[in-house]
Structure formats: C-alpha cells, structure tokens
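Asks: Quick one: structure below, then a few questions.
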Number of protein chains: 4
Amino acid sequence: MLVMQTFRRRIYHALFDHNRRSARRFEALCGLFALLSVVVIFIESGVGTTYHLTYDEWHLFVWVEVFFTLVFTLEYFLRVFSWPQPARYVFSLWGFIDLATILPFYVIMLWPEIGIDYLFAWRAMRVIRVLRILKLLRMMPALNGIWGAIVKSRHQLILFYAFISIVMVVAGALMYGIEGPAHGFTTLSTSVYWAIVTVTTVGYGDITPHTAPGRAVASLLILIGYSVIAIPTGIITSQMSGEIAKRQLARICPDCHQSGHETAAKYCKACGGKLPEE
Amino acid sequence: MLVMQTFRRRIYHALFDHNRRSARRFEALCGLFALLSVVVIFIESGVGTTYHLTYDEWHLFVWVEVFFTLVFTLEYFLRVFSWPQPARYVFSLWGFIDLATILPFYVIMLWPEIGIDYLFAWRAMRVIRVLRILKLLRMMPALNGIWGAIVKSRHQLILFYAFISIVMVVAGALMYGIEGPAHGFTTLSTSVYWAIVTVTTVGYGDITPHTAPGRAVASLLILIGYSVIAIPTGIITSQMSGEIAKRQLARICPDCHQSGHETAAKYCKACGGKLPEE
Amino acid sequence: MLVMQTFRRRIYHALFDHNRRSARRFEALCGLFALLSVVVIFIESGVGTTYHLTYDEWHLFVWVEVFFTLVFTLEYFLRVFSWPQPARYVFSLWGFIDLATILPFYVIMLWPEIGIDYLFAWRAMRVIRVLRILKLLRMMPALNGIWGAIVKSRHQLILFYAFISIVMVVAGALMYGIEGPAHGFTTLSTSVYWAIVTVTTVGYGDITPHTAPGRAVASLLILIGYSVIAIPTGIITSQMSGEIAKRQLARICPDCHQSGHETAAKYCKACGGKLPEE
Amino acid sequence: MLVMQTFRRRIYHALFDHNRRSARRFEALCGLFALLSVVVIFIESGVGTTYHLTYDEWHLFVWVEVFFTLVFTLEYFLRVFSWPQPARYVFSLWGFIDLATILPFYVIMLWPEIGIDYLFAWRAMRVIRVLRILKLLRMMPALNGIWGAIVKSRHQLILFYAFISIVMVVAGALMYGIEGPAHGFTTLSTSVYWAIVTVTTVGYGDITPHTAPGRAVASLLILIGYSVIAIPTGIITSQMSGEIAKRQLARICPDCHQSGHETAAKYCKACGGKLPEE
C-alpha cells in the first residue's frame, strides 16, 4: 500500500509538478496533442462538406481519432490515479473538460447508430471534441493576472453590463416600435440583438432601419453608444495599471523609506539615493 | 389627520428610505417584478410571431399582465400616497415612467377595440410596457458618478458632437453628389445616415459606394474619421480620472500637509510619514 | 473718403470683431441662418424623391432659397466692404466658402435650363449649398486646440498614414491574387478599398473573401491590423495630454520655483507651499 | 583589382550611405519610381476590367513596364556590385523583394505563352510587382521604434493572441453546433472565421446567426469579446510609453542627480535646479 502511495506520488511529481522540468515537458506534449487533435477535427469538418469521403479516407479519420482518444484517456487516468486528492481533480473544471472531450468516441462505440443517423448529434460531438483546445490554457499561468484584474473590478463590470443591457433593451424596444416587423424587427428579442450588434459597431447589416425616424434614432444610438461602450476596456486596463502601481509600491527607498517610485526610476525621488533593482 | 400623517411617514420610511433595510428589500422586490414583467413581454412578442396563439395561451399572457399591472399600480399609489411632496414625485421622470408603464392595460380595458384592430397600437403598448426595465436604474446609485462626469464635460462633448455633425453633413453631401440616387444615396439625409454608420465603423452595408471616386472619398473619410471618433470616449475617461485625482487630493499628509498622493501610496511622498488609510 | 473709411471700420467692429457683443450676436445669427438654410435643403432633397412636387410647393422652396441667398449675399458684401484687407478675406478659405455657397442660385437665374435638364448639375448645386454648414465652424474657437495638436504631431501622423497605406496596398494585392475577380476583388483598387474597409472594422460586406485561404489571410489581417489602426488616436490624444502638461508647467511654486504640478494640486509637491490658482 | 575595390566603395557611399546627401536623394528617387510603377499597375488592373484594351494601349503599358523593370534591374545590380558583402544583401529580405519584383517581366520574356494563357499567372505577376511599394519602407527609419516596441512586448502579444485564438475556436465551435450548416456555418473553419470577423467588430454580415439561441450566444460573445480585443493596442501603447519613460531617465539633474523628470519639465522636481534641454 505504501509502495503504491510512493509510486503515485512519484508519477505526480514527474508528470504534473510544475517545478520539475519533466512535468513541464509532459504538459507541452499534452498541449501539442490537443492542438493536433483539434486541427484534425477542423480538417475532418472541412473535408466532410466539400465532397463525400471514400470508405478509406473515412477510416483514416476514425483511426486518428481513436489514437488521440486513447492518448487523452491515458492522460485522464494518470491524473485521477496520481492526483493527491483525486475527487478534487475529477470535479474541477479541468476534470470535466478532460473527461467530456474523450467521451464522444466511447458514445459512438456503444451506440454506433447515433453517429450514422443524426447529423446534429454528429456535429455536437465535434463541438465537444474541439473543447480539447482549452487544455492549452493550462500552459498559460500569466492569464491569472488578467483573471485577477477582472475579478477585482467585477462590481464595476457587473454594474456597467447591467446598465448597458438596460440601454440595449430600451433602444431595441424603441426600434421595434418605430420600424416594426415589416423591416426585420420581428420580435423584441430580435430588436435587442440588433441594438447590441449596432452599438458595439459590429453592424452585420442583416437587420437595418429603413424609415427616416428609424434611421435618425439609430444614428443617435450609434453616436452616443459608441462613446459609452469602450468603458469596460477602460475599467480592465485601469485595474491592470493599478496592479502595476502596487508592484511599484514594493519598491521602497532603503534610505528614506519613500515608496511609489516609477518602474523606470533608478534613484529615489525624495532623497536621490540609489533604488534597489526590481 | 395627524395619525394619517404619521402613517404616511411610516410607510415612506419603511418602503422608500434607502437607509432602512426594509426599503432596500422592497426596492429589490420591485426591481425583480419589473425584470420578470419585461421578460414576459419579450416571450409574448416572440411567441406571437412564431405561431398563432390559442385562446388559452392568450389568456395566460393577459392574466400575467393583469397581475403585474396591479402590482405596479399598487406601488404607484403607495408612492403618491406616502411621498413627502406627492406633486414632485408625480411630475418627476420616475413618476412619469411609473405611470406610463401601467397605462396600456387600462387603455385596453376602456377601449378594447384598439388592441384588436390596430397592430401598430398593440406594438406601441408593448414598447411602453418594456420601459419598466428603467425601474432597475433606481437600484444603481453608482451611475451618478458617470452622470456627473458627463455633466462636467458637457461643454467639450457638445462642442465635439457639433463638430462631428458638421463633418458628417459635409461628408454625406459629398457622397450624395458623387454617387447619387443610383447607388442608394437617394436623399441628403440618407447620405448623412450612411456617413454616421461608416465613420463609427458600424458599416451595415445597406448603402455602399460603387464608383471609384466614391470609394476613394469613403476610404479617406474612414481613415481620418476613425482617428477622430474615439475622442468623446477619451473626454469622458479623462473626466473620470480627474474625479479620481480629486479624491486623491482629499488624502493630505498629517505631518507636512502634502496633497496629491497616489491612490496606492502608503507613505507621504514629501516627508515619508505614514498616510491615513482611504 | 475718410468718412467712408471710418464707416467701414465701424461696421467691421460692430459685426465682425469678436470682442464686441454685437459681433458675437451677428455671428450667432449668421450661424442660425446657415443651419436653417441647410435644414431646408435636406427637406427639399427628401421631399423631391418621395413624391413629385406640385407647382406651388416647388415655388415655396425656390422663394425660401431666394431669401437665404440674399441674406448670405448681403453678408458676403458686408464682409468684403468692411474687411481691413478685402483681398485677404476673398482669397481665404472662408471667403471661398461664403462665395461658393451663394453662387448656385445666380447660376440658375442666368442659365435656367441647367436646373431643368441635368439631374447631376441640380444635385451638385445642392451639395455646394450644403457647405453653408461650414459657416458654423466660425463659432467654435476651441477647435484651434485640436487643430494645433494635429499640426504638432503631423510628422508622426504622416509617417503612420504612409505606413498604413503601404500595408493596405500589400494586403489588397494579396487578396486580389488569392480571391480574384470571381469573388468581387475585380481590380487592385477595389481590393485596397476592401482592405481599408476591413482593417478599420467598418466591414460593409459588399466584398468578402469566399475561399479558405482568402478567409485565413483576411482573419490574420484583421487581428494584426486591429492592434495597429488605433495608433493615430493614441498620437493625437498623447499630443493633447502634452499640451495640458505644458500648461501644468506654467504653474510654478512662488517659494521654491518647483514646476510640473498636477492640475488638481493645491500645494507645492517639493516645499508644501500654497500654489497659485489656475 | 584595388581600383575596382575603390570604385565599388565610392559607388556604395555615393548611392547607399545614409549619411551622404546624394544617397538620400538616390533613395528618394528609387522610392518615387517604385510609387509611380505601382500606380501604373493599379491603372492597368483597373483599365483591363472596364473595357478591352486596344493593341496600342496595351503596348503603352508594356513599354512603361519595360522601362520600370530596367530601372529596378539597374538598381539591383548596382546594389549587388557595390555592397560590402553582396551575399548578405542578396539573401536579406530587401534583396528578395528587389529581385522578386523585377522577375515577372523576364518570365514573360522567356515564356510568353504564360501571360496569354493563364489569367491566374497574369494576376499573380501583378501582385508580385505591387510588392515594389515595400521599397518605400526603406525611407522610414522611424518605424524601427514601433518595431522595437513590438519586439519587446512579444511575450505578452504572443500570449494574448494565443488566448484570443483559443476563445475564437471555442466560440466558433459553439456556433457551429448551435446554428449548423443550414445558416452558413458550414465547417468549423468557417465558424472560426465568423467569430474573428464578429469579435473584432468587422461584421461583414456574409454569415450571421438566425436562430434565437445563436443570436443570444453571439450577443454575449460580442459584448465580452469587445472588452478584451482592445488589449493588444494597450500593450503596444504602454510599451511605447515605457520607451518614452526610459528617455526621461536620460534626463538627470546636474545638481542632485535626480532622474525620472517629465518630458515637459524645465526644472528639477527635487532641487529646483535648471534641467538640460533634450
């Protein structure tokens, strides 16, 4: 039992401990497999619509998928087996993604009639398999900084998005009243969709105002909304700057204890003493 | 009479005084009702276009609407009854919204033939009822900050929007002359609408230049206009930063009375003394 | 002769000297007339396309136009007559605009057959008359600040626009080669027009890539171009900030001659002395 | 042999040494020729599609092209002949561009049947010739600053673009599953192309969601993506600001050695001494 325990710990440190070089290499390998697997799904999806696959070509894609599924199944069981607290991994977001993206293959194995009969089920399985790309996020620890900035400004962001939603609903309702179903504003939801597409300057053009008052209201909405919509970017950016400002505070002059030095500063701005390097 | 007065005051404090927990709860409840009511209108609007409602389904929507209208009518009369100066409430923006959004139901009750006969009237009533969503704004006191920033920079914003309007009119007139009605630029107003949609980078594509000189002028307009159009965002953002800078001024060093400390600063930048917490 | 001279000078100061209240009122009046005149042209243009005008309605528009033209002709001659150096006014940008926007009426008076025969000439006259809106710019002296910021950063802006033009030409040529005339990229100029419309995120959708490699190149162009295209806004904004920084320099501490105080600062950041108000 | 060496060096300094006025003039001349040559190709491309060229007009374009090709061939051989290390020039990016843009003419000379037979080959040659516009980049040494800022922030930019790519793939896959081939989302690649076009707010409108859940997901993607997509611009801009901050560090007070003075500062912010001019 203890041998097993030691064996499990050894595997964990060798494959999943970020401080070890072997673990970082294993992670890069898994990322590469995930990337390749997704590329294959994209090719499969593209080829399938252009011309009907022959029996042999079809088999090739199936075998490649079998190979990737086995690799990711192995990875999943290694993680479950070696993780210090397996339950915590299994019920984490990563655990769900790792499991869900290998399931489609086994579903086809057990109920082969699904893949053949229903185009939608086939498409849904492709979509689930594409989620393997999310495995690459494991390799980006720097994202935690951005995530932290978003979490810290969540009150402002929620407030802002709630405000924008109200503006969109009112603008959409107004255009629904002015233009009406005759010009594509068939329902209130469609009009709100139009308002979002318009104010964010996406502007598909699938629904556009055709009457003079409709165009006037739309122009006003665009000009005003345009000035407002960039505010979330400002919130996130300023939060990030705040984080950087905090790091500047960590730089304290050893002579006079002055804090708040600029990142590029070499000398203390109060006593002129040499600042420690970052 | 005095009892009545006391009763009114008691209701006001219990339901509408933001310093009381019961009032905050009542406000949240009203907000929830407003949100639900608007969701129902959206569903009604969506369902109505997809298939013809049966008599029973139709009744369901009517009864739900009756319920919400009675709730909001009660809220309105409570406000009118308990408000310290009822006239001020009735003739305020909130008073108008609260009244207008309950009227459509009573209009149908009194003149039932309107709803049946005229599609436009029916649509207009839906639009008015959707305005209930504005009640949610009552729950966002933080918006006053944004509103204050806009009011303070109103001179710059008016100047800017006036300038942009002149540019749009000239650009629209130019394209009206170059492209003409044959390519969708039927009137001067339409051309100005095109100019606004283009310079703000919405770009629906319902009206586009087709001749070589028209495309050249449009390209120039886009490239130049693009650099100019983001200025209002800059004005509002810098005004907000100014507000924050003013709050920084409130932080004065207790030892040397130095002001203007950064938000993240812990020590006075002139004497190194400990700054009070914000 | 001297009386004439005095009379001319008196008119100039009364009507065109910005330090006099009467001149500012006269300018506002001219601006109002310009605005009304342009509104009439817009209505005329809109009405003309919706239904054929009766003889009486037509006459109404002609008489209104006669009235405005006479007003602006009077203004023009007053300016030429009273200006200290008439030639400088006549050959200035404002002189050209003032003259050009009254000409269309006299052209119709002298060659009435133009307006009746040629739709294009009629449209061109409307466009020229719309330029009257530019007269409103006279009332915005604050624009000189923006104009100054643009002039000061002209080297950077020219460099940037030259660079962007080269990128657009190369991107357009690439898409012309990949997609070809079959998908709307008929000529090199059209492809460059597509590149400008795409990178600035206007995205009309009148010309779009249809082949897989075309879409890949377009996606790449969008993602990279998007990060680059906002730079001119940054240049103009930072130039404006620089102007504000210079104004801050004008604030020098009367005690220790420290400069560079923040706009919101009340005390000197070096000696703590009271700063003079702005 | 030594005479040859001296002759080569003399040509190099006269024509390609940026410190000499003659070299700067020669570069401007080459740039002008490149610009004119590209303008001719644009005209040729535009004229060719509008109407069939007569034999004489066709000859005119050929002779102009012969002239430009000879000029650029001469330039190429001068560079190869006089460059200190000819191999380094030939295998540099500039060497490839200079060579590639003169080749199409010689290809037609040797295999004339290509130009006549294959429309695609003819178009490809035009595209290659347009690359001559890149020669103008030689005249923009200031671009090195921007390029340096991009190189320094390459880690952040790569991280960001990798993150955005993952988001785009997931969003595209989701919409592929929801909307499906019936509404234009034929393959996974097409759906990712749609996601890129949407989140960057280009919004062509060639592929748009048509179902209610598709529109809801698209609206969410737009609102969230919109806040995120402007981050690269922020990264590049802040990197440029960092460069400027470093230049500020070069300004050190001669009296107290205080660094970090603002660009617009005239006096030292610590001791009030006069700062040296930039």
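The values are calculated or read from the model by the stated rules, or taken from the named source; none is laboratory data. None of the values given here were measured: they were computed from a predicted structure. As a convention, Cβ positions derive from the backbone with ideal geometry for all residues, glycine included, and neighbour counts pool all protein chains shown. For accessibility, only protein heavy atoms count, side chains too; no ligands or nucleic acids. Shrake-Rupley method; radii C 1.70, N 1.55, O 1.52, S 1.80 Å.
Asks: Residues in the stretch D:233-247: is at least one surrounded by 19 or more Cβ atoms within 10 Å (Cβ to Cβ), assigned to a loop (DSSP other than H, G, I, E, B) and at pLDDT 65 or above?
Replies: no
Asks: Where residues in the stretch D:177-187 are in a helix (DSSP H, G or I) and at the interface with another protein chain (Cβ under 8 Å from one of its Cβ atoms), which of them is least open to solvent (accessible area, probe 1.4 Å)?
Replies: Restricting to residues being in a helix (DSSP H, G or I) and at the interface with another protein chain (Cβ under 8 Å from one of its Cβ atoms), the top hit is D:G177.
Asks: Of all residues in the stretch C:53-87 being of a type in the set (S, T, Y) and under 26 Å from the mean Cα position of the chain (by Cα), which is nearest to C:L36 (Cα to Cα)?
Replies: C:T69
Asks: Here's something else I'd like to know. For the structure I just gave you, tell me whether A:T190 is surrounded by 18 or more Cβ atoms within 10 Å (Cβ to Cβ), part of a loop (DSSP other than H, G, I, E, B) and in contact (Cβ under 8 Å) with a residue 12 or more places away in the chain.
Replies: Criteria not met by A:T190.
Asks: Quick one: which of A:A34, A:A23, A:A14 is assigned to a helix (DSSP H, G or I) and in contact with an Asp or Glu (Cβ under 8 Å, 6 or more places away or on another chain)?
Replies: That would be A:A23, the only listed residue that is assigned to a helix (DSSP H, G or I) and in contact with an Asp or Glu (Cβ under 8 Å, 6 or more places away or on another chain).
Asks: Quick one: which helices (runs of 4 or more DSSP H) lie wholly within the stretch B:74-176 and hold at least 1 residues that are among the aromatic types (F, W, Y) and surrounded by fewer than 19 Cβ atoms within 10 Å (Cβ to Cβ)?
Replies: Where helices (runs of 4 or more DSSP H) fall fully within the stretch B:74-176 and carry at least 1 residues being among the aromatic types (F, W, Y) and surrounded by fewer than 19 Cβ atoms within 10 Å (Cβ to Cβ), they are B:86-90, B:93-100, B:103-110, B:119-130, B:143-152.
Asks: Name the residue that is farthest from the chain's Cα centre (by Cα), counting only residues in the stretch C:198-214 that are without any contact (Cβ under 8 Å) to a residue 12 or more places away in the chain and buried (at least 22 other Cβ atoms within 10 Å of the Cβ).
Replies: Filtering the stretch C:198-214 for residues that are without any contact (Cβ under 8 Å) to a residue 12 or more places away in the chain and buried (at least 22 other Cβ atoms within 10 Å of the Cβ), the one farthest from the chain's Cα centre (by Cα) comes out as C:G205.
Asks: Moving on to the next point. Going residue by residue through the stretch D:30-49, is there one that turns out to be open to solvent by 90 Å² or more (accessible area, probe 1.4 Å), under 28 Å from C:S191 (Cβ atoms) and at pLDDT 90 or above?
Replies: The answer is yes, given that some residue of the stretch D:30-49 is open to solvent by 90 Å² or more (accessible area, probe 1.4 Å), under 28 Å from C:S191 (Cβ atoms) and at pLDDT 90 or above.
Asks: Of everything in the stretch C:1-32 that's touching a residue at least 60 places away in the same chain (Cβ under 8 Å) and among the aliphatic types (A, V, I, L, M), which residue is farthest from C:I97 (Cα to Cα)?
Replies: C:I11
Asks: Kindly indicate the residue of the stretch C:1-50 that is among the acidic types (D, E) and closer than 22 Å to C:P84 by Cα and also nearest to the chain's Cα centre (by Cα) among those meeting that condition.
Replies: Filtering first and then ranking leaves C:E27.
Asks: Another question, then. So if I check each of A:T69, A:T73, A:T54, which one is of a type in the set (S, T, Y) and in contact with a helix residue (DSSP H, G or I) (Cβ under 6 Å, 6 or more places away or on another chain)?
Replies: A:T69
Asks: With respect to the numbered conditions (1) surrounded by 14 or more Cβ atoms within 10 Å (Cβ to Cβ); (2) within 30 Å of A:A212 (Cβ to Cβ); (3) not polar (S, T, N, Q), which one is the sole condition not fulfilled by C:H59?
Replies: (1)
Asks: Further question: Please enumerate the residues belonging to the stretch C:163-176 that are within 7 Å of another protein chain (Cβ to nearest Cβ), without any contact (Cβ under 8 Å) to a residue 40 or more places away in the chain and either more than 16 Å from D:R126 (Cβ to Cβ) or not aromatic (F, W, Y) (or both).
Replies: C:F163, C:I166, C:V169, C:V170, C:A173
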